[in-house]
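One structure is given below, encoded as structure tokens.
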Amino acid sequence: MNVMATIDATWFDLDKLNVLVALVVLSALILYFIYHARRGKALFVRRIPGLESVEEAIGRATELGKPMLYVSGIGGAGDVATIAAMNILGYVAEQVAHYDTDLLVPCIDPVVMTIEQELVKNSYTRAGRPENYKEDNVCYLTGEQFPYAMAVSGIMVREKPAANFFMGSFAAESLILAEAGAATGAIQIAGTSAESQIPFFIVACDYTLIGEELFAASAYLSREPLLLGCLKGQDYAKLVIIVALLAGIALLTADVCLPGQFSQWFVNLFASAGG
């Protein structure tokens, strides 16, 4: 009997049942919205204020006859923030393709450079302006963090782009890039999931996508069903968590006003996750 109990505990820990339930609910929500997104259902995503400035930046660059600079961070091709930055780059490139404006995309990773070359090329083709694409504008600079930051800063000083985009994964070089761009008077739009770098972008850039807004912007602009479904599923999962928090507060309040065991079972439901 003890052997059977040991086997059961090895295969399934009942103290973790709530984790399994939460995982099933989250997965069901995400799969539900991905299914509807792929069937063409319009999923509402709130427009992020920072995205409003993309058209303004493109228009300004066109009017001034200056290029635009897009930096997709220092992450590799497998970095989630870099992938989100690539999706945004595809949208920006497609908009730029309609005008005779150069889009400069310096890269720190050769694999990312190869992907972004194809991405920008396809965006120009979708816009019906393949002849405006210049392969040399999407280039590899160096694989080192601070030499890369210095090289990009040099491009800003020499080319004086009218608009700078900083999207993706950033570290200590973020303020160097943002300050160099601000000194040239360019419109700057930044977005990163690195919490430690967000303050630097906020003080030095005109618009900043904070944290998860980077991934929301990626889904909003690309309209990929997989991204939209994941975004909506996570939003509804957060709503479930908020409802659970409010329910817990209400039950604890009831215990204070009317002493009893109203909330004990509810507290144990979540506390057992760490058991």
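Coordinate-derived values only; no laboratory data. Keep in mind it's a predicted model, so treat the numbers as computed, not measured. All Cβ positions, glycine included, derive from the backbone under ideal geometry; neighbour counts span all protein chains shown.
Structure notes:
- Descending semi-axes in whole angstrom, ellipsoid equivalent of segment 135-195, from the Cα gyration tensor: 16, 15, 12
- Here the extension length gained between residue 151 and residue 55 equals 31.9 nm, from 0.36 nm per residue of separation less the Cα-Cα distance.
- Summing Lys and Arg as +1 and Asp and Glu as -1 over all other residues whose Cβ lies under 10 Å from the Cβ of residue 45 gives a net charge of +3.
- What you get for the chain, charging only the Cβ of Lys and Arg (+1) and of Asp and Glu (-1), is a dipole of about 760 debye around the Cα centre.
- Full extension of the segment from residue 210 to residue 35, taken as 0.36 nm per residue of separation minus the current Cα-Cα distance, would add 60.2 nm.
- Summed residue charge, Cβ within 14 Å of residue 111's Cβ, Lys/Arg positive, Asp/Glu negative: -4
- The slack between residue 139 and residue 171, meaning 0.36 nm per residue of separation minus the straight C-alpha distance, is 9.4 nm.
- Measuring against 23 Å, Cα to Cα, the residue pairs 66/134; 41/121; 121/232 contain 41/121; 121/232 as the ones spanning a longer distance.
- Viscosity 1.567 mPa s, 4 °C: Kirkwood-radius Stokes-Einstein D of segment 49-223 over Cα pairs, µm²/s: 84 µm²/s
- Mean residue ellipticity (222 nm) of the chain, computed from DSSP H runs ≥ 4 via -39,500 (n - 2.57), nearest 500: -20000 deg cm²/dmol
- FRET E, pair residue 77, residue 253, Förster distance 45 Å, beta-carbon r, rounded to 0.05: 0.35
- Other residues within the sphere of radius under 13 Å centred on the Cβ of residue 22, judged by their own Cβ, net out at +2 (K and R +1, D and E -1).
- For segment 13-48, backbone nitrogen atoms closer than 14 Å to the point 7 Å from residue 244 Cα along Cα-to-C-beta are found at 16-29.
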